[in-house]
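Visitor: Sharing a structure with you now.
The values are calculated or read from the model by the stated rules, or taken from the named source; none is laboratory data. Everything numeric in this text was worked out from a predicted model, so none of it was measured. Here the Cβ is made from the backbone with ideal geometry for all residues, glycine too, and neighbour counts use every protein chain on show. Side chains included, ligands, DNA and RNA excluded: accessible areas come from the protein's heavy atoms. Shrake-Rupley method; radii C 1.70, N 1.55, O 1.52, S 1.80 Å.
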2 protein chains.
Amino acid sequence: MVTINDIAAKLGISKSTVSKALNNATDVSEEMRKKILYTAVELGYVNKRQQKKEKKLCILIENMDYNTPNQFGHDIVLGFKQMAEPEGWIVDIVPMTISFQKLTPYSVFMMQQGYQASFILGFSLLDPWMKEFRISKIPAVLYDNYINDNPNIASVGCDNQEGFELAVKHLMKLGHKKIGLISGPLDSYILKARYNAYLNALYKYGLEVDEDCIGLEYYVAESTRKYIPKLLAHGVTAILFSHDVRAIAAITECDDRGIRIPEDLSIVGFDDLPMTSYTAPPLTTLRQDRIALGKCGFYALTCLLNQVAIGSILLRTSLVVRGSTGPAPIKEQEKDKI
Amino acid sequence: MVTINDIAAKLGISKSTVSKALNNATDVSEEMRKKILYTAVELGYVNKRQQKKEKKLCILIENMDYNTPNQFGHDIVLGFKQMAEPEGWIVDIVPMTISFQKLTPYSVFMMQQGYQASFILGFSLLDPWMKEFRISKIPAVLYDNYINDNPNIASVGCDNQEGFELAVKHLMKLGHKKIGLISGPLDSYILKARYNAYLNALYKYGLEVDEDCIGLEYYVAESTRKYIPKLLAHGVTAILFSHDVRAIAAITECDDRGIRIPEDLSIVGFDDLPMTSYTAPPLTTLRQDRIALGKCGFYALTCLLNQVAIGSILLRTSLVVRGSTGPAPIKEQEKDKI
């Protein structure tokens, strides 16, 4: 096993300096501390807290609010703790920033804090640690992100494919045949996944894929302003949205334009945010059970900590049918026939 | 809660007959026992063993040998037990047949035996219980099978997509550009999944998909006899196989025909069966870690038993490079150029 002596020998410094740096003593310069920590990681040094198997996990969270029950991350954090704490784990919640990641590698941060594994919420492909996860040896479970080939990293998220199939099936039963998609640009794992899920669901149910029925746009209000008239002009009678926030923006947009929901247009969200019951009309949406997602995060970590190299756990979504979906409008020509 | 009295009242029989039937007493006719059990399930009766939470699980196994370490199912069963038994679960292994399933519904069987959940190995789409799993309320985890929409059923298996991508990447590094597939007909979940994984992997790495490079055939020896010459004639220099057994048959076939592996043709299997180290040449293959698969089965059941409705857990595969893959052969025309 690698000892403090090995680190000291490699750097040509005293054992006590190494010890101080590893124990966060204040009389070691920041530069030296880093040098020592990086070398410790490089040599595979296991610190005392890790040796003692102090059971300590962290949730690293970014771009996601979690403090109050109506915020998206709240129940994910809660579900994780509900599983982890009864099993004796200490769970720290650590807000994360890109600038912090630039200064400190993931493995150094984890070793320094004595965390055995992490649950990662809200990271984007821009986060510097996403690159490190490709080679990291310290287990991490990523929500709605995926890292190829590394047996120490797993992914949890909802089964977007099954979800979109549920939504398309529901809309087809209501007579809809031309179903559109409004989403963000395909520069994130989750938006790509939902885009593909949309295409596959249409294909599965024998509906035509038409790129004029798809609107991809970063800004939420822009996406509805630009694409709702365009999609309606193309004969779309129902629109799936990548996220509830976009669907809720669509309700406002339709209200402004005198487009009736669901009489003129049915819309389906994704997430089941608490506010979706209170929109007018209330939103039909694909529910992500966030408590269960948090629990999944812990189960996935348990697998990794037991050397079971899972790649992903997918949670089922359920379709919550509310007022924003209804029978497809009858076209003028068809009305004449009646 | 439903009691024995409710069942007796519904059937117009005595409470003691119901009790006897539920406790497998011998003085109740088989016909009556069934009537009582079916009614108990229909009413949602929970028997004493389930009430007491006697921790009892079963592995239902079909079409898969598991008694000796070199058989495919052995390590899956072992991995499952390694996780379950230390947590106080009794795990019974129950060989299953189609005829038994025709006589007894899954829910009745599980209630009668006091099992809280099951791990299902080797079932095919023909198994009668596969239909019942669509609506079953008793948790089951299926290996290499998937049931849509039922939150009580989950799936575990390997990530075929990631596996085939590893194999294609490996072959491309060796200079292969025309990579074929030999597999079975697309009438099972797993064969469909691997077929799609093959198509997607070629697409991802910018290789042409050519249906003349694909051979799908039920019988193992037939598939290699028929398709190896055909694929070679179409310029294929490497073949992926859906299973090791097919790849091993291909080694024999190539030997008979004087086709050298890997000089003339590279081949990659799937599974990493124990015998693949001993073929001549030893087989390059995608490894399913069967101990880990068994453990995943237990983790997935744990999720379901805690009301976490996961759809699937995918285990990573790893590519085990042995002697059956090598540099792509240089074509005659290209030789001239050198």
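Visitor: Could you run through segment A:263-287 and say how many residues are in contact with a Phe, Trp or Tyr (Cβ under 8 Å, 6 or more places away or on another chain) and more than 11 Å from residue A:240 (Cα to Cα)?
Guide: Residues that pass the stated criteria total 2.
Visitor: Sticking with this structure for a sec: Within the bounds of segment B:76-85, is there any residue that is assigned to a helix (DSSP H, G or I), free of Cβ contacts under 8 Å to residues at least 12 places away in the same chain and aliphatic (A, V, I, L, M)?
Guide: Among the residues of segment B:76-85, not one is assigned to a helix (DSSP H, G or I), free of Cβ contacts under 8 Å to residues at least 12 places away in the same chain and aliphatic (A, V, I, L, M), which makes the answer no.
Visitor: Any idea which residue in segment A:98-119 is nearest to residue A:143 (Cα to Cα), counting only those that are crowded, with 20+ Cβ neighbours inside 10 Å and among the hydroxyl-bearing types (Ser, Thr, Tyr)?
Guide: A:118
Visitor: What about residue B:161, is it in a helix (DSSP H, G or I), of a type in the set (S, T, N, Q), over 25 Å from residue A:299 (Cβ atoms) and out of contact with any Cys (no Cβ under 8 Å at 6 or more places or on another chain)?
Guide: No.
Visitor: What's the number of the condition residue B:212 fails, among (1) part of a helix (DSSP H, G or I); (2) within 30 Å of residue B:73 (Cβ to Cβ)?
Guide: It is condition (2) that residue B:212 fails.
Visitor: Does residue B:242 meet the test of being of a type in the set (S, T, N, Q) and out of contact with any Lys or Arg (no Cβ under 7 Å at 6 or more places or on another chain)?
Guide: no
Visitor: Return a yes/no flag: does segment B:167-190 have any residue that is in a helix (DSSP H, G or I) and at pLDDT below 95.
Guide: Within segment B:167-190, one or more residues are in a helix (DSSP H, G or I) and at pLDDT below 95.
Visitor: Restricting the search to segment A:217-244, which residues are of a type outside the set (D, E, K, R), surrounded by fewer than 17 Cβ atoms within 10 Å (Cβ to Cβ) and at negative phi?
Guide: Residues satisfying the conditions are A:218, A:219, A:221, A:229, A:233, A:234.
Visitor: Could you list, in sequence order, the residues of segment A:262-279 that are farther than 25 Å from residue A:162 by Cα and modelled with pLDDT of 95 or more?
Guide: If the condition is that a residue be farther than 25 Å from residue A:162 by Cα and modelled with pLDDT of 95 or more, then A:263, A:264 are the ones that fit.
Visitor: Same structure again: Working only within segment A:163-180, note down all residues that are open to solvent by less than 10 Å² (accessible area, probe 1.4 Å) and closer than 18 Å to residue A:317 by Cβ.
Guide: A:163, A:164, A:167, A:168, A:171, A:179
Visitor: Being part of a helix (DSSP H, G or I) and over 29 Å from residue A:130 (Cα atoms): is that true of residue A:231 here?
Guide: Answer is yes for this residue.
Visitor: Is it true that some residue in segment A:144-155 is outside any helix (DSSP H, G or I), among the hydrophobic types (A, V, I, L, M, F, W, C), over 30 Å from residue A:263 (Cα atoms) and open to solvent by 20 Å² or more (accessible area, probe 1.4 Å)?
Guide: Within segment A:144-155, not a single residue is outside any helix (DSSP H, G or I), among the hydrophobic types (A, V, I, L, M, F, W, C), over 30 Å from residue A:263 (Cα atoms) and open to solvent by 20 Å² or more (accessible area, probe 1.4 Å).
Visitor: Restricting attention to segment A:294-320, which residues are open to solvent by 40 Å² or more (accessible area, probe 1.4 Å), in contact with a helix residue (DSSP H, G or I) (Cβ under 7 Å, 6 or more places away or on another chain) and among the hydrophobic types (A, V, I, L, M, F, W, C)?
Guide: Residue satisfying the conditions is A:319 alone.
Visitor: Just to be sure, is residue B:264 open to solvent by 20 Å² or more (accessible area, probe 1.4 Å) and either in contact with a Leu (Cβ under 9 Å, 6 or more places away or on another chain) or within 14 Å of another protein chain (Cβ to nearest Cβ) (or both)?
Guide: When the stated conditions are applied, residue B:264 passes them.
Visitor: Just one of A:269, A:258 is at positive phi and more than 14 Å from every other protein chain (Cβ to nearest Cβ); which is it?
Guide: A:258
Visitor: Still on this structure: Determine if segment B:310-331 includes at least one residue that is within 14 Å of chain A (Cβ to nearest Cβ), touching a Pro at 6+ places or on another chain (Cβ under 9 Å) and part of a loop (DSSP other than H, G, I, E, B).
Guide: yes
Visitor: Scanning for something within 30 Å of residue B:236 (Cβ to Cβ) and at pLDDT 95 or above, does segment B:134-157 turn up at least one residue?
Guide: Checked segment B:134-157: at least one residue is within 30 Å of residue B:236 (Cβ to Cβ) and at pLDDT 95 or above.
Visitor: Does residue A:255 count as charged (D, E, K, R), open to solvent by 20 Å² or more (accessible area, probe 1.4 Å) and closer than 18 Å to residue A:284 by Cα?
Guide: yes
Visitor: Suppose the filter is away from chain B (no Cβ under 14 Å) and out of contact with any Asp or Glu (no Cβ under 9 Å at 6 or more places or on another chain); does residue A:93 pass it?
Guide: Here the answer is yes, as residue A:93 does meet what is asked.
Visitor: Exactly one condition in (1) open to solvent by 10 Å² or more (accessible area, probe 1.4 Å); (2) in a strand (DSSP E or B); (3) closer than 29 Å to residue A:199 by Cβ is false for residue A:126; which is it?
Guide: Only one criterion is unmet by residue A:126, namely (2).
Visitor: Here's something else I'd like to know. Would you say residue B:291 is under 30 Å from residue B:88 (Cα atoms) and surrounded by fewer than 24 Cβ atoms within 10 Å (Cβ to Cβ)?
Guide: yes
Visitor: Further question on the same structure: If residue A:280 satisfies every condition in (1) open to solvent by 30 Å² or more (accessible area, probe 1.4 Å); (2) among the hydrophobic types (A, V, I, L, M, F, W, C); (3) in a helix (DSSP H, G or I) but one, which is the exception?
Guide: The number of the failed condition is (3).
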